[in-house]
1. How large is log10 of I(q)/I(0) for region 61-214 at q = 0.11, 0.18, 0.20 Å⁻¹ when the intensity is taken from the Debye formula with one equal scatterer per alpha-carbon?
2. In what sequence do 170, 197, 205 fall when counting other Cβ within 10 Å, fewest first?
3. Sorted by average packing, counted as other Cβ atoms within 10 angstrom per residue and highest first, what order do 86-95, 124-133 take?
4. With 10 angstrom as the radius, rank 225, 1 by how many other C-beta atoms surround their C-beta, starting from the fewest.
5. Treat region 80-310 as a sphere of radius equal to its Kirkwood radius over Cα pairs and apply Stokes-Einstein at 37 °C in a medium of 0.692 mPa s; give the translational diffusion coefficient in µm²/s, rounded to a whole number.
6. I'd like to compare 160-169, 252-261, 207-216, 3-12: which one has the highest average count of other Cβ atoms within 10 Å, and what's the full order after that?
Ligand SMILES: [Zn+2]
């Protein structure tokens, strides 16, 4: 597709729900715009706006086009909205509408950290990350996108064999506040089904919304799915490719006991993330941290769980 577009000297306009194509297209040197396509009702349950509908809307309504750049990626032209969705999600963490269901970090009392990787599986970066994790014999958590999961089952097999955890990161990486509840559920259901082959038949219960963005509550749809929403408290913004050393330093400066570290193995060229990983792991181990899967980081003693169920919502630190 990229070759075809290059041959035509094309400029590319893509819809505003698809977070998976920007990096690959901009990396290939194409000029990419995000159409401000405010018609979520036209979106299919899975995937992106149909090309024809997008072209028609763009021609008819002349919506503002945001030029996508390497450093802004999927955020191009939508920073404020994306920040709003993230604030909503963080408010859910703080309010704990369903105790034990929303987390940005684990307990602060133990020197444990969870490394998490989003947007894959995606060769060769996921495989290189798996090699490094194996070298240091440490586990991690992979928040997989359904589209990529069905494309690379062999990588999922390796993630499973090595004992890493899986999380659901939706089917096509949309900004969830754009979607109806039924659409969100279908995004989660189909991805859970794609991953269930690799998780002993059960869909993963860990869930991370794309961009860390949730629509306003209530979140009955999450509780009925028994999903645990996992955000993060350490974000090196590795997707913007700030440099290997900047990524490593950013993680190591922010990390605290109980931290959940957000990084990316998919969605574009992740070699900087891969190259930063050995330093990150070695330094954390040197500092006496244990690296654990996100589900293990969030496990709480049974007594605490009972307490959380029996009392009014509490605010974590
Ligand atoms: Zn993502």
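1. Result of the Debye calculation: -0.50, -1.23, -1.38.
2. Final ranking by Cβ density, sparse to dense: 197, 205, 170.
3. Going by the mean number of other Cβ atoms within 10 Å, highest first, we get 124-133, 86-95.
4. Listed from fewest to most nearby Cβ atoms, that is 1, 225.
5. In µm²/s, the coefficient is 186.
6. Sorting 160-169, 252-261, 207-216, 3-12 by mean packing, highest first, produces 207-216, 160-169, 252-261, 3-12.
All of the numbers you see were taken from the coordinates with simple rules; none came from a lab. These figures come from a predicted structure and were not determined experimentally. Positions of Cβ are backbone-derived with ideal geometry, glycine not excepted, and every protein chain shown enters the neighbour counts.
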